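Colleague: Handing you a structure now.
What follows is calculated from the coordinates using simple rules that are stated; it is not laboratory data. These figures come from a predicted structure and were not determined experimentally. In this analysis, Cβ positions are derived from the backbone assuming ideal geometry, glycine residues included, and neighbour counts consider all displayed protein chains.
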Amino acid sequence: MQDSPTLSVFFGTRPQVVKASRLLDALRKRWSVLAVDTGQHYDYRLHGTLYDQLGIAPPDAFLEVGSGAHAEQTAAILTRAAALLADHRPAAAIVIGDTNSTTGAALAAVKLRIPVVHVEAGLRSTDALMPEEINRRLVDAVAGLLCAPSAAAFDVLQRERTDAVIVNTGDIARDVLVHNIARASSLAGHPDWPADVGDRFAFSTIHRAELTGNPAALQGVLSALGALEFPVVLAAHPRTQQVLREHDIRVPSSVHVVPPLGYLEAVAAVQSATVVITDSGGLQREAYWLGIPCVTLRAETEWHETVALGANHLVAPETASESLAPAVAAALSNRGWDRDAYGNGHAAERIVAAIGEWLERPTR
Ligand code: UD1
């Protein structure tokens, strides 16, 4: 089938590399694929380790955009993706999620009249100015095929778009979890784990601009984490580590800051944690699928179902000193919920089927 149309797939941040692992495998069974890593994330611990763990082949193209202000980074992705797309003219460009890599690649493609497929389409939070929300709305406005991870996301897209094909495929992140859970579960110990963390602990991650850009709120969250009844393991994104250092933020002794974990170690950490406390969209769902209570350090989430089902409790970071402990207590009181709000782990097959039908349409 290698002479069938070529599809390009763009990814560049940690969660996109994770999702690309299953998507690339499924797409390559049917089409030739140009895998493009934008290079938005480049630290080995944030990025390279995922290629190794998830068995992803080196990308066909690497745009090496690195970090920068949003405009700068998005513009670099757009320009470099456009040059590559103009050379290769794939039948479609597939973008994933809601990062600057998603927007840069999607805009580059549509401006060359290359149709766009958006995987993880239709998610909405109420904060219209959050960088990821801007990216979601922009990409959903220009894509021709929208693959929604849930029924609610599908409904949003049906209200917004009358001229696109919309399919509820389920969430590809669940496919990745299902595929790797046995390996994650069998991990014996964590190389970076502090020795005095026992059976009861909170696994935490913090990386979003809303928190890392607000040192006072970050200090409040760390103090509230330190006041919990059990120790906390905080796997810190490079930017979070930088803010902790530069703003002299006091880290309580029961909060153990460790470097970002690989995918398998992160899943193993969620599985063995008493509670997950995070601002990551990925961990909110992984906790939900694994049956581990979650507290999200945000005033809102685009993963509404996790909250409605009682698996996830929101804490606005500015209120953490009063509301974190009660939210953790509430989270711990509920351990059973329906786990199928985002499909059943077969999203990759559904995305491939949707793309196949869509490519055959006379007008796209
Ligand atoms: C990006 C996504 C976010 C996603 C997250 C996953 C956008 C707008 N945000 O956020 O939605 O949840 O990825 O992790 O695209 N840095 C490093 N090493 C790296 C990458 C980044 O040190 O490999 C530092 C740099 O100081 C950089 C900062 O982190 O400026 C922010 O990186 P960036 O890629 O802009 O956004 P993320 O916060 O990682």
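Colleague: I'm trying to understand the selection: among the residues of region 3-21, which are away from the ligand (no atom under 11 Å from the Cβ) and charged (D, E, K, R)?
Modeller: Once the filter is applied, which keeps residues that are away from the ligand (no atom under 11 Å from the Cβ) and charged (D, E, K, R), region 3-21 yields Asp3, Lys19.
Colleague: Restricting to region 212-223, what's the tally of residues that are farther than 25 Å from Ser125 by Cα and either crowded, with 20+ Cβ neighbours inside 10 Å or within 16 Å of the ligand (Cβ to nearest atom) (or both)?
Modeller: 0
Colleague: Please pick out the residue among Ala236, Ala217 that is within 22 Å of Leu50 (Cβ to Cβ) and among the aliphatic types (A, V, I, L, M). Break it down stepwise before answering.
Modeller: On the way: Ala217 fails: within 22 Å of Leu50 (Cβ to Cβ).
Criteria check complete, one pass: Ala236.
Colleague: What pairs come out if I take residues in region 318-347 that are under 21 Å from Leu290 (Cβ atoms) and in contact (Cβ under 8 Å) with a residue 60 or more places away in the chain and pair them with residues that are of a type in the set (Asp, Glu) and assigned to a helix (DSSP H, G or I) whose C-beta lies under 9 Å away, six or more apart or interchain?
Modeller: Ala341/Glu305; Tyr342/Glu305; Gly343/Asp175; Gly345/Asp175; His346/Asp175; Ala347/Asp175
Colleague: Any residue in region 106-121 that is in contact (Cβ under 8 Å) with a residue 60 or more places away in the chain and out of contact with any Leu (no Cβ under 9 Å at 6 or more places or on another chain)?
Modeller: Checked against the condition, which is being in contact (Cβ under 8 Å) with a residue 60 or more places away in the chain and out of contact with any Leu (no Cβ under 9 Å at 6 or more places or on another chain), region 106-121 yields at least one hit.
Colleague: Additional query: Restricting to region 11-35, give me the number of residues that are touching a Gly at 6+ places or on another chain (Cβ under 8 Å) and not charged (D, E, K, R).
Modeller: 6
Colleague: I want to confirm something. Restricting to region 322-364 and keeping residues that are of a type in the set (Val, Ile, Thr) and either under 30 Å from Leu222 (Cβ atoms) or surrounded by 14 or more Cβ atoms within 10 Å (Cβ to Cβ) (or both), which single residue is nearest to the chain's Cα centre (by Cα)?
Modeller: So the first thing to find is which residues in region 322-364 are of a type in the set (Val, Ile, Thr), and the list is 328, 351-352, 355, 363.
Applying the additional criterion that residues be either under 30 Å from Leu222 (Cβ atoms) or surrounded by 14 or more Cβ atoms within 10 Å (Cβ to Cβ) (or both) yields 328, 351-352, 355.
Values: Val328: 23, Ile351: 17, Val352: 20, Ile355: 22 Å.
For region 322-364, the residue satisfying everything is Ile351.
Colleague: Within region 84-135, which residues are within 16 Å of the ligand (Cβ to nearest atom), part of a loop (DSSP other than H, G, I, E, B) and either of a type in the set (Lys, Arg) or more than 20 Å from Ala354 (Cα to Cα) (or both)?
Modeller: Asp98, Thr99, Arg124, Ser125, Asp127, Ala128, Leu129, Met130
Colleague: Sticking with this one: Taking region 53-77, which residues are touching a residue at least 60 places away in the same chain (Cβ under 8 Å) and either away from the ligand (no atom under 11 Å from the Cβ) or of a type outside the set (Val, Ile, Thr) (or both)? Outline the logic, then answer.
Modeller: Of all residues in region 53-77, those touching a residue at least 60 places away in the same chain (Cβ under 8 Å) come to 53-54, 70, 77.
Across region 53-77, the qualifying residues are Gln53, Leu54, His70.
Colleague: I need a count of the residues in region 251-265 that are in a helix (DSSP H, G or I) and surrounded by 22 or more Cβ atoms within 10 Å (Cβ to Cβ). Talk me through it step by step, then tell me what you get.
Modeller: Just the residues of region 251-265 that are in a helix (DSSP H, G or I), to begin with: 263-265.
Among the residues that remain, those that are also surrounded by 22 or more Cβ atoms within 10 Å (Cβ to Cβ) are: 263.
Summing the residues that are in a helix (DSSP H, G or I) and surrounded by 22 or more Cβ atoms within 10 Å (Cβ to Cβ) in region 251-265 gives 1.
Colleague: Here is a further query. Just checking, which of Ala202, Ala209, Ala173 is within 17 Å of the chain's Cα centre (by Cα) and either more than 16 Å from the ligand (Cβ to nearest atom) or surrounded by 15 or more Cβ atoms within 10 Å (Cβ to Cβ) (or both)? Before you say what the answer is, go through the steps one by one.
Modeller: Working: Ala202 fails: within 17 Å of the chain's Cα centre (by Cα); Ala209 fails: either more than 16 Å from the ligand (Cβ to nearest atom) or surrounded by 15 or more Cβ atoms within 10 Å (Cβ to Cβ) (or both).
Exactly one of Ala202, Ala209, Ala173 is within 17 Å of the chain's Cα centre (by Cα) and either more than 16 Å from the ligand (Cβ to nearest atom) or surrounded by 15 or more Cβ atoms within 10 Å (Cβ to Cβ) (or both), namely Ala173.
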